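What follows is a short report on a single structure.
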Amino acid sequence: LTDELFAKLAPVLPKMVAVDLSASSVTNASVALLVSSPDLRMVRLSETAITDASMDTLAKLTKLESVNLYGTKVTDEGVKKLTALPNLKRLYLWQTAVTPEGIGELKKALPELEIVTGV
C-alpha cells in the first residue's frame, strides 16, 4: 500500500473506526488523510516511514484508544502530542526512538495508559 493508493480510500475514511497500515509504504502524507476519520479508535502504523509529523494528525483524533507505532521513527517530541488523547488506552512503542524519559512523561500525563515497549 502506497500513499497514492491510500488516497483512493478518501471517500470511506469518514466511516473508518480502525485502520491497519502496518508494514506498508505509507508516509506522513497518508496519516494526514486520517484527520477525516473522526471516529477512528485504532490505528496501526508499525514498520512504516512515519515520523513525529504524523503525531499532529493523531492528536486530533480524540476517540483513538489504541495506537501502534512499533518500528517507526517517532521520538519523545512526537509522542508527547498524544497526551491530548483522552481515550487512549494502549500505545505500542517498541523499536522507536522514544526514550524511557519520554515514556515516563507519557505515564505522568496519562496514568491509565498501557505503554508496550517490548521489554
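The values are calculated or read from the model by the stated rules, or taken from the named source; none is laboratory data. A quick note: this is a predicted structure, and the numbers were derived from the prediction, not measured. A quick note on method: Cβ atoms are made from the backbone with ideal geometry, for glycine too, and the neighbour counts reach across all protein chains shown. Each accessible area value is taken on the protein alone, full model and side chains, heavy atoms only, with ligands, DNA and RNA left out. Shrake-Rupley method; radii C 1.70, N 1.55, O 1.52, S 1.80 Å.
Our summary gives the chain a relative contact order of 20 percent, counting only alpha carbon pairs under 8 angstrom and 6 or more residues apart. Spatial offset of region 49-119 relative to region 1-38 amounts to 19 Å, using the alpha carbon center of each. Among the listed pairs Lys15/Lys89; Lys15/Lys73; Lys15/Lys108, a Cα-Cα separation exceeding 31 Å is found for Lys15/Lys108. The magnitude of the dipole of the chain, with charges of +1 and -1 set on the Cβ of Lys/Arg and Asp/Glu and taken from the Cα centre, is near 300 debye. With all protein chains in place and a 1.4 Å probe, the accessible surface of the chain carries 56 percent carbon and sulfur. Each of Ala84, Val74, Ser25 was placed along the dipole of the chain (beta-carbon charges, centred on the mean Cα), and the one lying farthest toward the positive end is Ala84. Ligands, DNA and RNA are left out, and with a 1.4 angstrom probe the accessible area of region 61-110 is 50 Å² per residue.
Modelled label positions at Glu101 and Thr75, each set 7 Å beyond Cα in the direction of Cβ, lie 1.2 nm from each other.
A Förster radius of 35 Å combined with the Cβ-Cβ distance from Glu65 to Ala10 puts the calculated FRET efficiency at roughly 0.90.
For Ile50, Ile115, the ranking by accessible surface with the largest value first comes to Ile115, Ile50, using a 1.4 Å probe.
Show log10 I(q)/I(0) for the chain at q = 0.12, 0.22, 0.23 Å⁻¹, two decimals, from a solvent-free Debye sum over equal Cα scatterers. The Debye formula, applied to the Cα set alone, gives -0.37, -1.27, -1.39. Solvent-accessible surface (1.4 Å probe) assigned to Asp3 amounts to roughly 40 Å².
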